[in-house]
Amino acid sequence: MNTPAHLLFGAAAFGKRGQRGLVWAAMAGSLLPDLSLYLLAGGALYLLNIPAQVVFRELYYSDLWQTVFAIDNSLFLWGALLGLALWRRSAWGVALTGAALAHLCFDFLLHHDDGRPHFWPLSGWIFESPVSYWDVRHGARWVGPIEIGLAILCAGLVWWRRPGWKIALVTFLLLAAQLMVARVWLFVFAA
């Protein structure tokens, strides 16, 4: 699933009317499982000037990067943090960790050959879903429109809750980014 959609889904699922902090926490939690990819790839591409083909065909699959991805995509780690948030009765902690777990569940189902080891540290096994959010050879032509439709519904729900102009603006920008990214996937990776 595209990162903007993750943020919209998290905000809709864990945000509440009149509690802007929960919306921000849910957006942050939705971003955290992908944050290491943005930092590693961004640093490699823009700071170290490593070509994109090397970054996404070699470094992405390197042991170091895969270890980082295993940690921040661990269902067990995020589940333990959610348990702690529930025990502490921390609404923002539940929003943050719940949104991260939702992100991982969507990723588990929508990554064909680029999944993560979601069961770290107990296992390095990676589920190869028959469905992909971006690869048209594995259903992206029908997954993409569903993802866009759900992203629009989630943005509408966030706006309906009247979250204030800052969250409304961020929601609009996320929806615009989702529409642009989805369009690029379908044109660039069309088979």
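Below, the figures for the structure above:
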{"read-out": "Added length on full extension, which subtracts the Cα-Cα distance from 0.36 nm per residue, R17 to F172", "value": "54.1 nm"}
{"read-out": "Exposed-loop-free span, longest in the chain, where chymotrypsin sites (Phe, Trp or Tyr not before Pro) count as exposed if DSSP calls them loop and at most 15 other C-beta atoms lie within 10 Å", "value": "1-124"}
{"read-out": "Where trypsin sites (Lys or Arg not before Pro) in DSSP loops with at most 14 other Cβ within 10 Å are excluded, longest remaining stretch of the chain", "value": "90-191"}
{"read-out": "Distant-in-sequence amide H partners of G139 (H built 1.01 Å from N, under 5 Å)", "value": "S132"}
{"read-out": "Full-extension gain in nm, W159 to W87, via 0.36 nm per residue minus C-alpha separation", "value": "22.9 nm"}
{"read-out": "For H111, distant residues with modelled amide H under 5 Å away", "value": "S129"}
{"read-out": "Mean separation of Cα contacts under 8 Å (6+ apart) over length of the range 45-191, as relative contact order %", "value": "17 percent"}
{"read-out": "Of the DSSP H helices in the chain, those whose Cα atoms cover at least 24 Å axially and whose Kyte score averages -1.0 or more", "value": "20-42, 91-110, 140-160, 165-188"}
{"read-out": "Percent of Cα pairs exceeding the 19 Å cut-off, where the set is the range 44-191", "value": "66 percent"}
{"read-out": "Mean separation of Cα contacts under 8 Å, 6 or more apart, over the residue count of the range 33-113: relative contact order %", "value": "28 percent"}
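Read-outs throughout are calculated quantities, based only on the coordinates presented, and are distinct from any laboratory measurement. Everything numeric here is computed off the predicted structure, so don't read it as measured data. Cβ coordinates were reconstructed from backbone atoms using ideal geometry, including for glycine residues, and neighbour counts include every protein chain displayed.
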